[in-house]
Each structure stands twice: as C-alpha cells, then as structure tokens.
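Visitor: One structure is given below, represented as structure tokens, and several questions about it will come after.
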Amino acid sequence: MTEVISSEPIAGRHQPGGYQHVLLDTVNGELRFHESTEHLEPWDPAWKAVNDVPRSTWERWHPGTMFLPGGGPHQWFEPVPGLLSWTLRSGIPEWPYLDVTAANAFLEDLVPSAQELLDGLFQAGGELDWSAASARASRNMDRVCNHLPAAPAQADAQLTDFGQIVDRFPQVYQPELLRLSLEDLAKECEYITRFLGSNKHWHPEIKKVFGAPYADGSGVGLDVLGVRSWYRTVLLDGDPRPVRAVTDWDAEHDSLSSSGITSTSADADLDAWAEREELRAAREGLRLLGAQGAARSHRASLREKDWDRLAVVGAEVARIEEELDQARAARLELVTRAIDWGQADAAIGTRARMTRQAVHKIRTGRTDTGE
C-alpha cells in the first residue's frame, strides 16, 4: 500500500465507516487492500435502493464475494469464489482508521491465515472447494478484521471434512453417484452438504463423533465441507482422460435419437445403452459422464410425448366414433326404406356394404315387432 483515501468527513456524505477491505485472490494467491469510494461519489437520485445501483458500479465499490463467517452450508457446497473479501471495522472513531503504515502492517498480520486458507483448499477437476482448514482460516481472517484475536481450531469444531466422515462412517459413501453428470453430481453434493447427519433418518450416528454442541444444549452443530471435491476426486481417480458431459457427446454424435430407446424400453435396456456409449467414448480417449441419466431422461421425454399424443388420438377417435354412429344410423334408415321398397337382401347388402344375413336380421326384426 502506498496511498489510502482520506478519512476526513465530507459535507453531504455519510461517514466513511466500513469502506476498507481485504481481498484475497484464490487463484493467484494475491492478498491486497481495497478501499471503496462509495462514500465519495454522488448518489444518483434514480437509485431508490441499493439494488438500483448498476452492477458495474457496485462491483467497483465492492469487488469479490464477501466471506460470511456464519454463512452456513450454502457457501460450502458452491465452488470457492475467485476473489474473496472481508470488511475491516475502520473509519469511524470507535473503529481505528488504517493509514498506509497500519494497512501494510495489517496485511502482514493476515498473511499466515491467508496462506492457511489457500493451502487448505481442495482441488478437483479444475475447481476449488472448501475444507475445514480453509474455512477456519477464513473465519480467523474475519475475526482479525473485527479486532478480535484468531481462535484455535477447537473454536470452529463444527467444521468437518467429508473425507473424515467417510473414513469413520464408510456407509455414507454412495458409489451410484459416480455415474451422474457433473451437474447432477453437484446437486447431490449440495444435498449431502446441507443434510448429512442433520436428522434422525440420515446417519444420525455422525453427530456422535463429529460436530460441536450448541451452547444452549439443544443439539450438535455440524458443517460438512469438501463433499463435491471428494466425489470428484473419487470420480477422476487419477484417470487422465478428459471428462465429457453426455449433453456435449450427444450434440456431436446424435446418439440418443439413434439409440433405439423408446417409451417402453426397460431400465436394463437404458443401462446397456449407457454402457455402450461409455465404451464408445473410451475408445476416443474420453470419460463420458451422465449417460445413464440421459437415457432415462430421453425415455421420460418420449413417454411425455406419448402421453400428449394419447390426448390427441383419443379426441380423434371420439370424433370418428361420433361420425360413425351418425353414419350407421343413416344407413339403417336407408336399409329399412329399401326393405319396404321390396329390394332383395343380397342387393341391399351389396349397396350398403353389409352382409346379406345382416340385412335379413334387420328385415326379421322389423317383422317380429310388427312394423
């Protein structure tokens, strides 16, 4: 740091508190100081709320993604942002304003925690994922930014890596997830992050070993981290082949439309097709993901089309049957007239596209009723 914004109050502007920030680039490891100029710039009268501020302006004022120390599972199942941000309590009397010297010293104090954060991140398939160690380091950075001392690991004992849980409770591993597309795998990992060990029906035994009791004694808090990277690591398993999503594969090979899958195909037929496509991709040096799910989605789409077509065909049959009933009634009337004229059964049947016996039955029926 060589320069900071003046902390002197400006007429017509609010106090510049909370405008000093620390930014950490999780890709290149750069740790830097940032000062927002929000308090120095005029507020457009058209902006009735913060949401009205143009995105480009807001991102210039507040770059990166704010780390939320109590953000819960939502921030743990998403990829680690490329740029993380922490707000310093600074700029108003009760929060010391950091000048150039203090800002540089502050960044030096944060370096160990920032390095611990970076070193702790999981990597799998080109994405960064949170670990308990990186989350603890992020929380300690937040504590320091709030003029609190860094805490020992025990203070964040509810943070637990999924890998540790699997080592202790291997029954939580779901190998069937490894055949999903990356998108569907991410959804399943989100569910695991949110709910593993959270209720009596889904591995409650985990909280007997992992997590930290709530202060009020109402239960055990547990934040599960690294689920996505754990499954992606198992999925890749050192396999050097590039991963190919089945959607991209199908766009190139049009394999689903020529698969022979119909709305009546059995699950075994779908699995067989998926295995064939996986083998076909392997011959091209690729690892195909999501084939099984794509086959089921294709069958479901065909069933939906059949279901829609049933309504159309049903309506058409009803219309034809109504016309047929009307035509039969008209034919019966004309056959009856021809009988009265004295025409022979065979001649009437030929003309009406009926059998001679059917005409005779009509004639007999009229005679039996006295007509």
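Visitor: Is there any pair linking a residue in the stretch 57-78 that is closer than 24 Å to A133 by Cα to one that is among the basic types (K, R), with Cβ under 6 Å and at least six apart or on different chains, and which?
Guide: P69/R139; P73/R194
Visitor: Please give the number of the condition A251 fails out of (1) surrounded by 14 or more Cβ atoms within 10 Å (Cβ to Cβ); (2) modelled with pLDDT of 90 or more; (3) not basic (K, R).
Guide: A251 satisfies every listed condition except (1).
Visitor: Considering only the stretch 81-102, state which residues are touching a Leu at 6+ places or on another chain (Cβ under 9 Å), at pLDDT below 95 and of a type in the set (A, V, I, L, M, F, W, C).
Guide: L88, W95, L98 - these are the residues of the stretch 81-102 that are touching a Leu at 6+ places or on another chain (Cβ under 9 Å), at pLDDT below 95 and of a type in the set (A, V, I, L, M, F, W, C).
Visitor: Please give the number of the condition S265 fails out of (1) of a type outside the set (A, V, I, L, M, F, W, C); (2) at pLDDT below 95; (3) farther than 23 Å from A186 by Cα.
Guide: (2)
Visitor: When the stretch 151-209 is examined, which residues are found to be in contact with a Leu (Cβ under 7 Å, 6 or more places away or on another chain), more than 12 Å from Y231 (Cβ to Cβ) and among the charged types (D, E, K, R)?
Guide: D161, K207
Visitor: Of all the residues that make up the stretch 173-203, how many are surrounded by 13 or more Cβ atoms within 10 Å (Cβ to Cβ), of a type outside the set (A, V, I, L, M, F, W, C) and assigned to a loop (DSSP other than H, G, I, E, B)?
Guide: Residues in the stretch 173-203 being surrounded by 13 or more Cβ atoms within 10 Å (Cβ to Cβ), of a type outside the set (A, V, I, L, M, F, W, C) and assigned to a loop (DSSP other than H, G, I, E, B): 5 in total.
Visitor: Determine which single condition G17 fails, assuming it passes every other condition in (1) over 33 Å from the mean Cα position of the chain (by Cα); (2) at pLDDT 90 or above; (3) surrounded by 15 or more Cβ atoms within 10 Å (Cβ to Cβ).
Guide: (2)
Visitor: What tally of residues in the stretch 151-172 results from selecting those that are closer than 20 Å to L84 by Cβ and surrounded by 18 or more Cβ atoms within 10 Å (Cβ to Cβ)?
Guide: 3
Visitor: Related question: Part of a helix (DSSP H, G or I), β-branched (V, I, T), over 17 Å from C145 (Cβ atoms) and within 34 Å of the chain's Cα centre (by Cα), is that true of T57? Break it down stepwise before answering.
Guide: Numbers: part of a helix (DSSP H, G or I): yes; β-branched (V, I, T): yes; over 17 Å from C145 (Cβ atoms): yes; within 34 Å of the chain's Cα centre (by Cα): yes.
Here the answer is yes, as T57 does meet what is asked.
Visitor: Here's something else I'd like to know. Read through the list (1) farther than 30 Å from L236 by Cα; (2) surrounded by fewer than 16 Cβ atoms within 10 Å (Cβ to Cβ); (3) not hydrophobic (A, V, I, L, M, F, W, C), then give the number of the only condition that D345 fails.
Guide: Exception for D345: condition (2).
Visitor: Please tell me if D269 is in contact (Cβ under 8 Å) with a residue 40 or more places away in the chain, acidic (D, E) and over 30 Å from G365 (Cβ atoms). Walk me through how you get there before you give the answer.
Guide: Working: in contact (Cβ under 8 Å) with a residue 40 or more places away in the chain: no; acidic (D, E): yes; over 30 Å from G365 (Cβ atoms): yes.
No: the conditions fail for D269.
Visitor: Looking at this structure, is D271 in a helix (DSSP H, G or I), under 29 Å from the mean Cα position of the chain (by Cα) and surrounded by fewer than 16 Cβ atoms within 10 Å (Cβ to Cβ)? Can you show your working first?
Guide: On the way: in a helix (DSSP H, G or I): yes; under 29 Å from the mean Cα position of the chain (by Cα): yes; surrounded by fewer than 16 Cβ atoms within 10 Å (Cβ to Cβ): yes.
The answer is yes for D271.
This table checks each residue for (1) at pLDDT 85 or above; (2) over 30 Å from L24 (Cα atoms); (3) assigned to a loop (DSSP other than H, G, I, E, B).
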{"residue": "A150", "(1), (2), (3)": "yes, no, yes"}
{"residue": "E205", "(1), (2), (3)": "yes, yes, no"}
{"residue": "R228", "(1), (2), (3)": "yes, no, no"}
{"residue": "R244", "(1), (2), (3)": "yes, yes, no"}
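Visitor: On to the next question. So for the stretch 297-313 (the condition being more than 30 Å from L180 (Cα to Cα), in contact with a Gly (Cβ under 7 Å, 6 or more places away or on another chain) and of a type in the set (D, E, K, R)), does at least one residue qualify?
Guide: The initial filter retains those residues of the stretch 297-313 that are more than 30 Å from L180 (Cα to Cα), namely 309-313.
Okay, now just the ones that are also in contact with a Gly (Cβ under 7 Å, 6 or more places away or on another chain), so none.
No, the conditions are met nowhere in the stretch 297-313.
Visitor: Please tell me if Q174 is under 23 Å from the mean Cα position of the chain (by Cα) and either closer than 16 Å to L235 by Cα or in contact (Cβ under 8 Å) with a residue 12 or more places away in the chain (or both).
Guide: Numbers: under 23 Å from the mean Cα position of the chain (by Cα): yes; either closer than 16 Å to L235 by Cα or in contact (Cβ under 8 Å) with a residue 12 or more places away in the chain (or both): yes.
Yes; evaluated as a whole, the condition is true for this residue.
Visitor: Name, by its number, the condition in (1) of a type in the set (D, E, K, R); (2) closer than 30 Å to S255 by Cα; (3) at pLDDT below 95 that does not hold for R303.
Guide: (3) is the only condition that R303 fails.
Visitor: In this structure, is G260 under 24 Å from the mean Cα position of the chain (by Cα) and either of a type outside the set (A, V, I, L, M, F, W, C) or over 18 Å from L177 (Cα atoms) (or both)? It would help to see each step written out before you state the result.
Guide: Numbers: under 24 Å from the mean Cα position of the chain (by Cα): no; either of a type outside the set (A, V, I, L, M, F, W, C) or over 18 Å from L177 (Cα atoms) (or both): yes.
It is false that G260 is under 24 Å from the mean Cα position of the chain (by Cα) and either of a type outside the set (A, V, I, L, M, F, W, C) or over 18 Å from L177 (Cα atoms) (or both).
Visitor: In addition: Give the residues of the stretch 117-141 that are crowded, with 17+ Cβ neighbours inside 10 Å, out of contact with any strand residue (DSSP E or B) (no Cβ under 7 Å at 6 or more places or on another chain) and charged (D, E, K, R), sorted by residue number.
Guide: Within the stretch 117-141, just R139 meets the criteria.
Here's the yes/no breakdown for (1) outside any helix (DSSP H, G or I); (2) exposed (fewer than 14 other Cβ atoms within 10 Å of the Cβ); (3) of a type in the set (A, V, I, L, M):
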position: L279; (1), (2), (3): no, yes, yes
position: G285; (1), (2), (3): yes, yes, no
position: A294; (1), (2), (3): no, no, yes
position: H298; (1), (2), (3): no, no, no
position: S301; (1), (2), (3): no, yes, no
position: W307; (1), (2), (3): no, yes, no
position: L310; (1), (2), (3): no, yes, yes
position: V313; (1), (2), (3): no, yes, yes
position: V317; (1), (2), (3): no, yes, yes
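The values are calculated or read from the model by the stated rules, or taken from the named source; none is laboratory data. Every value quoted in this text rests on a predicted model; they were computed, and no experiment measured them. Neighbour counts run over all protein chains shown; Cβ positions are idealised from the backbone, glycine included.
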